[in-house]
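Trainee: Okay, here's the structure, questions in a sec.
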Amino acid sequence: MGQEASCLINESFHLKEVSYEFSFPDAHYEKIAKIYRPQEQLLSVYFHEEWILDTKNHEFIKKVEGITPVIWHLRQTTDGEPIQDAESGLPVYFKTKLERIDLRYP
């Protein structure tokens with residue numbers, strides 16, 4: 001015996017301060033590292049958004065309010081040798097979030 005439930009939403013609503021990280025291709029892949037130089041580049045960005053469900057007009061609106069660039073740094077020994085992850089053998093990175101950049105809308 002099953003039950004069904006309706007997910008009908010009658011009122012519009014806002015989700016504010018939705019943030020997620022978008023990462024560029026994995027830096028440890030040799031082909032990418034040759035052209036991208038991950039130790040010197042930006043490897044991900046946080047997007048800060050507001051999501052709106054407008055039930056009156058049957059619209060879902062996503063408004064990007066800002067971004068936060070993220071620089072990845074390769075972990076190294078004091079001698080400058082890259083530190084590898086014990087399980088995967090891949091390089092280990094740590095991330096530095098830069099200052100948030102708020103977008104302006106005319």
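The values are calculated or read from the model by the stated rules, or taken from the named source; none is laboratory data. Given the structure is predicted, the values throughout are model-derived calculations rather than measurements. As a convention, Cβ positions derive from the backbone with ideal geometry for all residues, glycine included, and neighbour counts pool all protein chains shown.
Trainee: If you go through the stretch 65-81, how many residues are exposed (fewer than 13 other Cβ atoms within 10 Å of the Cβ) and β-branched (Val, Ile, Thr)?
Mentor: Number of matching residues: 2.
Trainee: Based on what the data block shows, is Arg100 within 20 Å of Tyr20 (Cβ to Cβ) and either surrounded by 10 or more Cβ atoms within 10 Å (Cβ to Cβ) or modelled with pLDDT under 85 (or both)?
Mentor: Numbers: within 20 Å of Tyr20 (Cβ to Cβ): yes; either surrounded by 10 or more Cβ atoms within 10 Å (Cβ to Cβ) or modelled with pLDDT under 85 (or both): yes.
In short, yes.
Trainee: Applying the selection to the stretch 73-91, what residues are in contact with a strand residue (DSSP E or B) (Cβ under 7 Å, 6 or more places away or on another chain) and at pLDDT 85 or above? First the steps, then the outcome.
Mentor: From the stretch 73-91, those in contact with a strand residue (DSSP E or B) (Cβ under 7 Å, 6 or more places away or on another chain) are 73-76, 82-84, 90-91; that's our starting set.
Listed by number, the residues that qualify are Arg75, Gln76, Ile83, Gln84.
Trainee: Let me ask you something else. Among the listed residues Ile52, Ile67, identify the single one that is in a strand (DSSP E or B), more than 12 Å from the chain's Cα centre (by Cα), modelled with pLDDT of 85 or more and among the aliphatic types (A, V, I, L, M).
Mentor: Details: Ile67 fails: more than 12 Å from the chain's Cα centre (by Cα).
Result: Ile52 is the single residue among Ile52, Ile67 that is in a strand (DSSP E or B), more than 12 Å from the chain's Cα centre (by Cα), modelled with pLDDT of 85 or more and among the aliphatic types (A, V, I, L, M).
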